[in-house]
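The values are calculated or read from the model by the stated rules, or taken from the named source; none is laboratory data. The structure presented is a predicted model; accordingly, all values stated were derived computationally and were not measured. Cβ sites come from the backbone with ideal geometry, for glycine too, and all protein chains shown count toward neighbours. Remember, those area values only see protein heavy atoms, side chains included, never the ligands or the DNA or RNA. Shrake-Rupley method; radii C 1.70, N 1.55, O 1.52, S 1.80 Å.
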Amino acid sequence: MTPSTWFTVFAFFVFVAPGLLYDLTSAKKRLKRRESAFTEISRITLVSTVCSAASLGVLALISWIVGLWMHRQPLPDLAALIQGGSVYITSHPASVVTACILGLAASLGFSYAAFEIIHRGDDSEIVYTSAWRWVLRTKLPKDSVPYVEVKLKNGVTWAGRVAAYAPDPEIAERDIVLCPPLAVKKKSGDPLKSIGDKWQRVVLVGPEVVSIAVTYGPEPP
């Protein structure tokens, strides 16, 4: 590998991987805030740097203890590695690869340990799944299809079988597609009236939906 490639790999291990692991695991315990890319990247970089620094200290201590016992350093000489670059790496491939693997494992371990310590005693998990997905797919009985009555903000209610839907957590990005048997009522007190077989699909956008009543049944022939 060229020095630039080694630096890229090293930078990922030091400044990205541990913080990314912490961020992904913490997402199950805390609500995601709207934040800029700079804030998110800064947090990941900070966590990664702290964890990598801790792992470097542990590796240095282990190398010192083993060196006293074996009278040689089992891990690379950091100063020589910085000065020698790719030449040192080529001359000591086994120790460099071993140090990278141990360093990554240690930094990821520190990252996960920090997550466990900060969120200890918190058994609940946040699931980023919309209610639409939960009732229309997750809780869908076997060999059944969902039938819904969808009330809109203008008071109109549509009924039919769910053909497709977008389960995006953001309500503005959701929509639901109904297919026959289709029926509609314009006021809450009116009965549902079939619209016949001429119309095959109705698309309802998420921001206009007030409520969805769901039942499950067999797919029509």
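For Gly121, indicate whether it is under 28 Å from Asp23 (Cβ atoms) and at pLDDT below 90.
yes
Quick check on the range 140-160. Is at least one of its residues more than 30 Å from Val58 (Cβ to Cβ), open to solvent by 80 Å² or more (accessible area, probe 1.4 Å) and either β-branched (Val, Ile, Thr) or without any contact (Cβ under 8 Å) to a residue 40 or more places away in the chain (or both)?
Among the residues of the range 140-160, at least one is more than 30 Å from Val58 (Cβ to Cβ), open to solvent by 80 Å² or more (accessible area, probe 1.4 Å) and either β-branched (Val, Ile, Thr) or without any contact (Cβ under 8 Å) to a residue 40 or more places away in the chain (or both), which makes the answer yes.
More than 21 Å from Asp143 (Cα to Cα) and open to solvent by less than 70 Å² (accessible area, probe 1.4 Å): is that true of Arg174 in this structure?
Yes.
If you check Pro220 against the conditions, is it touching a strand residue (DSSP E or B) at 6+ places or on another chain (Cβ under 9 Å), in contact (Cβ under 8 Å) with a residue 40 or more places away in the chain, open to solvent by less than 80 Å² (accessible area, probe 1.4 Å) and assigned to a loop (DSSP other than H, G, I, E, B)?
yes
Tell me yes or no: at least one residue of the range 74-83 is modelled with pLDDT of 75 or more and open to solvent by less than 40 Å² (accessible area, probe 1.4 Å).
Checked the range 74-83: no residue is modelled with pLDDT of 75 or more and open to solvent by less than 40 Å² (accessible area, probe 1.4 Å).
Filter the range 151-170 for residues that are more than 30 Å from the chain's Cα centre (by Cα) and part of a strand (DSSP E or B); which is farthest from Pro221 (Cα to Cα)?
Looking at the filtered set, the residue picked out is Leu152.
If you take the residues of the range 98-109 that are out of contact with any Phe, Trp or Tyr (no Cβ under 8 Å at 6 or more places or on another chain) and surrounded by fewer than 19 Cβ atoms within 10 Å (Cβ to Cβ), which of them is nearest to Ser26 (Cα to Cα)?
Selected residue: Gly109.
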